[in-house]
1. Excluding same-chain residues fewer than 8 positions from Lys262, which lysines have a Cα within less than 28 Å of its Cα?
2. Span-like helices, the chain: DSSP H, alpha-carbon axial extent 27 Å or more, mean Kyte-Doolittle 1.0 or greater, which ones?
3. Over 20 Å apart: what share of the alpha carbon pairs of the range 149-270 falls there, rounded to a whole percent?
4. 222 nm [θ] for the chain, helices only, -39500 (n - 2.57) per DSSP H run of 4+, per residue, to 500?
Amino acid sequence: MAEMNNTPETEADGGQMSLIGHLTELRNRLGVALLAFLVLFVLFISPMPGGGVSNSIANHVFIFLQAPLAEIMEEKGGGRMIFTALHEGFFTQIKVGFFAALCISFPIISMQIYKFVAPALYRSEKRAFLPFLVATPVLFTLGAAMVYYVVTPMAWNFFISFEMAATDGALAIEIEPRISEYLSLIMRLIFAFGLAFELPVVLLLLARAGLVTPEGLAAKRKVAIVVAFVAAAVLTPPDVVSQLLLALPIILLYEISVFGAKIIAPKDEDTA
């Protein structure tokens, strides 16, 4: 009975799937994931009933994304965002729809990947893998929330501080951000923080597989700190506050990963 509980699902069911069967299963899983993404994408960019072209879910998502900047500019007397190319507004909505559809459909995509791989896993491996599957979107959401509620208000205040009022012999310097540039920046920050917050998932999976050890992770702590600050300098705006707000959580997550690796890493008697 113990051996039966540790057999892959395909073998426990009485046979192995053929190559054609695997390819068919892969096609079906990819089809479900792609269909979910496309349905959400079309839904997000389509005008809502009773509204104009700009009244779409994607437009409301963009309004939500630029809310931190809007609040700061309103406190300073108001402002506006612009687009300088005729097609820029349209393609910005497309990018927002793509971004939102990808984020919302990610759990469906990851579940389809898991269902494709699951038959080849032992039951014990499935139980070990499921917590990581759940933690992935949760940690990404935490990283995105940190960008929206903590990082961007500080970064936007820093950038707007370079505005200058008109004086004798000097023209006023006022910010008028382009919608495409703003969207690219906020999306880059969200993806940077979201992916950075996935560090424990990656390291703990490697530790569970025996590819890294807690001792090895602890020995590379200084290297990890340097890499964290280099990554923060590359991925965030060029202000010290934003860089620290990314580097420090990465370092903290690395330490959590070292502690978690000590718990889930395979013991010597398990590998014997």
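Values in this text are rule-based calculations from the coordinates and carry no lab data. Just so you know, these numbers come straight off a predicted model, no measurement behind them.
1. Within reach: Lys126, Lys220, Lys222.
2. 19-45, 88-117, 240-264
3. 55 percent
4. Using -39500 (n - 2.57) per qualifying helix, the result is -23000 deg cm²/dmol.
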